[in-house]
Every structure is written in C-alpha cells, then in structure tokens.
Amino acid sequence: MASIVQSVMGSAGVKAEKPIKLYSHPGGPNPWKVAIILNELGIPYTTELMDFGDLKKEPFESVNPNGRVPAIEDPNTGLKLWESGAIIEYLLETYDTSHALSYASGSEKWEAKCWLHFQTSGQGPYFGQRAWFILLTSARRGLSQYHSEKNLTSCLDRYGNEIRRVLGVVDAHLKKTGGEYLVGDKCTFADLAFVPWHWLLTSPPHIMGEGFGKEWREEYPQAWAWNERLQARTAVAKAREDRQAAMQAGH
Amino acid sequence: MADIDLYTAGTPNGQKISCTLEELGLKYTVHKIDIAKNVQKEDWFLEINPNGRIPAIVDKTSGTPQRVFEGAAIQLYLCATYDTQHTISFPYASAEYWEMLSWLTWMQSGIGPMQGQANHFYRYAPTKIAYAITRYQTETKRLYQVLNDRLEAQRGAGQGLWLVGGKYSIADLCCFSWVNWAEWAGVETQGFAAVRTWLEVIQRRPAVRRGVEVPERFAMKEAMRTREGEEEYAKHHSNWVMQGMKEDEEKHK
C-alpha cells in the first residue's frame, strides 16, 4: 500500500493538507461513495450531515444548484463540486497520483470511466426508484386515505427487474473476463462506486426483501463474490460503520 | 483522419453522440441498432457494451480499437482525444472542466433516468398509473427548473445562456438532447423561459441539425403536431420498448 504522504500528493502538486468538507446524509447512499474514496486515499475530511430541509435553499444551493448531497468543498484547491460521479473523478485526478485506485492511461483508463458512468446512470437511479416505491408502499400500509391508489406492484416489479438486470450485467462481465474487479487486475474507483447501493439490498431497508441475498448468491455468483471482496475492504467497512453510527444518532 | 464506429438509435442518448461527432467534424460510420429486434443484447454487441444499450463507439483511429460505452464517457473520450482546441469542452482538470463534468453527471443520473421513467409510464406502460406518471413528470420539471435557474444565473453573471464557462459545451449538448424530447414525456416547457431560448439556439446549430437525423429521420416533433400522428408514432415506439422489456423480464425471472 502506498504511503499516506504519497497517496495524498496530487498530480498538480496539490497536497491534501487541509481537510475536505463533505456534505452528506446517512440515508442516501451517494454521499458514502465519496466517503469510501476519501478513506481509500487517506485524504483528511470532515463530514457535515445535512437535514433534507436545508438542501434546497441557501447557503447550500450555492454549493450544489441541484440541492442534493453529496457535495464537497476542497480548501486545498478552492473548488466546490457536486454530483458523486464528478466528485470521484476529481478526487482521483487531484490526489491519486500513485494510481492506487485508477489507471493513468490506455484502455483501462477509459474502461473505468465507462463503468463509473454506468453506475451513476444505470445502477443508482434504478435502485433508488425501487427504494422509493418500497418506502412508499410500506408507509401507506396504515394510511387508509391512500387506499384508492393501491396497485403499485407493477412499479415495484419494474425496478426489481432492473436491479436483477444490473447485477446480471456485472456478473456476466466478471465471468467473461475472469477478473476479480471490473477493470484490469485491481480494485478501482469504478468498483467502489457500486458499493453503497448494495447496502440497501443486504441490510435494512432490504429493498428486494430479506431473502434476496440467497438469490443474488445463486443467480449472480460472480457479482456476489465481487461485492464480498469490496465490502471486506477497510475503507468500505469504515464508511459503512460511520453511516450506521450517523443513522443511530438520529439523523 | 478519425475512424470511428457509432452504434446508435434515434433516441435522446443516441442523438447526443451523433451531435457531438458532428460538432467535432469527425468521420464516423453509423451502425443502426434495431432495438425492436433486441440487437443490443446480441453477443457481438455486448463485446462493445456489456450493458447492452446504445450508444457505444469503437474508435479504430489509432490502430488499437478502443470501445467506449455510456454517453457521458463517450463525450468525454471524444473531447479528450479530438477537441484539442476546446471548441465544445474545457482544458482537462480546469475549474470549468469539473463544473462541466458535474452537469454531465447530473444529466445522466437525473434528467435522463427521470424523463425516461416519465416516457415509460406516460407512453409505454400498458396500465396507466397516475401516481407514477405524476411522480416522474414532476421530477423532470424539477430538474428543468434547476437547469432554468442555472441558465438565468449564468446570463445574469455575464456568462451568456450556457451552463458552464460562457460558451456552448457538451454539458449543454447532453441536457439539450433530453429537453428536445420534452413533449414526448408529456412535459411542458412553457414555464421555463431561459430553457426555451437556450433550446431554440441549440436546435439551430448546423451540427445539431445533422446529428439529430442520425441514424434515421427525427420524426417525433413533426408527428406530435397532429393527434393521429402522435398516436401512430406512440404505437410504433411502444411496441419495441415493451418487447425489449418483456425479454429482459423473462431472462431474469
């Protein structure tokens, strides 16, 4: 493993001397993608857990015009960034000079970007829609006034199928390449970006049901083993524990 | 001279890439992917995009073929490789570059998926679920509002009616490609004055006018002028969308 000093020295000669400020929320998985990358690279950071009510107004809207987390402020470069995918690419470019989690050039460099963009446009939104309808239908179960709008099963099915399809895409790719990770022979930011949404499958709210782990393991074994490898990483475990602690603290 | 294969269909995500190639004046060969026949799920295509979706490219210019899939990754690759003068992009790792990347990512994780869901529930789903139609049309409008606010703020700051850095870039182009299909999702752009002006300016760009006609005539807007045209167009497109969905469902039962 690269030393901390080496790994936080950026290509533009930027040192992560001052901690980066990460705007986060324990509920949504996306901020934790960024926390994992910060942990992996040993970049110092502070976390500000936001209330949803404060996202769509100033001063936060000046950091992220879309009013969502994550967003970061990097005092080392003076930049503010938003959208987890963009933040991850920025952190890698600025601080991963030893290419611990990325590739400097060639085919792998672009291949990793393809998978990251697949995660942000193909995994996150669809896992998110499934979560929405799961939370909605469970919230409505004791609320009689909503009974007129009862059949959301087809919505749940649509996004459940999409989750299976996404796991299938990863599974088939790993089977084909015989590799342990999506790109080349090492874990990259592209693999890590998928991790937090998996938490919604393997722990509460269990958006595919509590028994889904068995289906995942049996139907998509390569993707299952890949996720196990990623979850075992120290940086990932730390983010998972930090998120649980934040949730328990009542955020 | 560039030697690029483009695998595409006449959808917002596909048109975004043909427009980018046109803007950069690159030579490319168009391969129309017949989604109705599920060509995108065939093994040879999965070698190019393991996700089985359009668009994707293979760049053979340097002699070693490079595949790139996912719209934003393709746009970034094309600009990094061929837009050395930064006509529609910004120097790598500049502040404008990161802002551009934020908007690209915002589009593909926001407008694209949400407007895509509005299309599904408004146009294609066999049963009309009012809740779902409203949810996704409303979310699309929320995102249009974010776009509108940004454009107005940029204009107010003397940056012109562009998302980043005072000029037209792939950030504008990728958002344009979806807003240009708003009526298909049943979303009105009436209330978004800045977006409407911005849209019309981009529509008039020669490269965009050529790009939206790839791989086939862009007939949606014309069809939407009459009730019959709209129904005919909707019927044709519903058939292939639902067929593809059904095959996916069976595969992952």
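Looking at segment B:75-112, which of its residues are within 14 Å of B:K167 (Cβ to Cβ), touching a residue at least 40 places away in the same chain (Cβ under 8 Å) and either under 14 Å from the mean Cα position of the chain (by Cα) or assigned to a helix (DSSP H, G or I) (or both)?
Correct list: B:C79, B:E96, B:E99, B:M100, B:W103.
Return the only residue of A:L116, A:L101, A:L81 being open to solvent by less than 10 Å² (accessible area, probe 1.4 Å), part of a helix (DSSP H, G or I) and either acidic (D, E) or touching an Asp or Glu at 6+ places or on another chain (Cβ under 9 Å) (or both).
A:L116
Looking at B:I57 and the list (1) part of a helix (DSSP H, G or I); (2) open to solvent by less than 50 Å² (accessible area, probe 1.4 Å), which single condition is not satisfied?
(1)
Just to verify a result, which residue in segment A:23-65, among those that are more than 18 Å from the chain's Cα centre (by Cα) and among the acidic types (D, E), is nearest to A:W199 (Cα to Cα)?
A:D51
Condition test on B:T87, is it open to solvent by 60 Å² or more (accessible area, probe 1.4 Å) and modelled with pLDDT of 95 or more? Spell out how you get there, then give the answer.
Details: open to solvent by 60 Å² or more (accessible area, probe 1.4 Å): yes; modelled with pLDDT of 95 or more: yes.
It is true that B:T87 is open to solvent by 60 Å² or more (accessible area, probe 1.4 Å) and modelled with pLDDT of 95 or more.
Identify, please: which residue in segment B:106-153 is among the β-branched types (V, I, T) and more than 9 Å from chain A (Cβ to nearest Cβ) and is, among those, farthest from A:E61 (Cα to Cα)?
Ranking the qualifying residues of segment B:106-153, first place goes to B:I133.
Can you list residue pairs whose Cβ atoms sit under 9 Å apart, with the first residue in segment A:215-233 being surrounded by fewer than 17 Cβ atoms within 10 Å (Cβ to Cβ) and the second being in a loop (DSSP other than H, G, I, E, B)? Count only pairs 6 or more apart in sequence or on different chains.
Taking only residues 6 or more apart or on different chains, the pairs are A:E215/A:M208; A:E215/A:G209; A:E219/B:H252; A:A225/A:E180; A:R229/A:E180; A:R229/A:Y181; A:R229/A:C187.
Would you check which residues across segment B:1-24 are assigned to a loop (DSSP other than H, G, I, E, B) and under 19 Å from the mean Cα position of the chain (by Cα) and list them?
B:A9, B:G10, B:T11, B:L24
With segment A:4-64 as the region, which helices (runs of 4 or more DSSP H) entirely inside it contain at least 2 residues that are at pLDDT 95 or above and buried (at least 19 other Cβ atoms within 10 Å of the Cβ)?
Filter on segment A:4-64 gives A:30-41.
Please find, among B:A185, B:A171, the residue that is away from chain A (no Cβ under 12 Å) and either touching a Gly at 6+ places or on another chain (Cβ under 7 Å) or not aromatic (F, W, Y) (or both).
B:A185
Of all residues in segment B:25-54, count the ones that are open to solvent by 30 Å² or more (accessible area, probe 1.4 Å), without any contact (Cβ under 8 Å) to a residue 24 or more places away in the chain and outside any loop (DSSP other than H, G, I, E, B).
4
For segment A:92-110, which positions are in contact (Cβ under 8 Å) with a residue 60 or more places away in the chain and more than 8 Å from chain B (Cβ to nearest Cβ)? Walk me through how you get there before you give the answer.
Going residue by residue through segment A:92-110, those that are in contact (Cβ under 8 Å) with a residue 60 or more places away in the chain are A:92-98, A:100-103, A:108.
Within segment A:92-110, A:L92, A:Y95, A:D96, A:T97, A:S98, A:A100, A:L101, A:S102, A:Y103, A:E108 qualify.
The values are calculated or read from the model by the stated rules, or taken from the named source; none is laboratory data. Keep in mind it's a predicted model, so treat the numbers as computed, not measured. Because the Cβ atoms are built from the backbone with ideal geometry, glycine has one as well, and the counts that use them run over all protein chains shown. Accessible surface areas use protein heavy atoms only, side chains included; no ligands, DNA or RNA. Shrake-Rupley method; radii C 1.70, N 1.55, O 1.52, S 1.80 Å.
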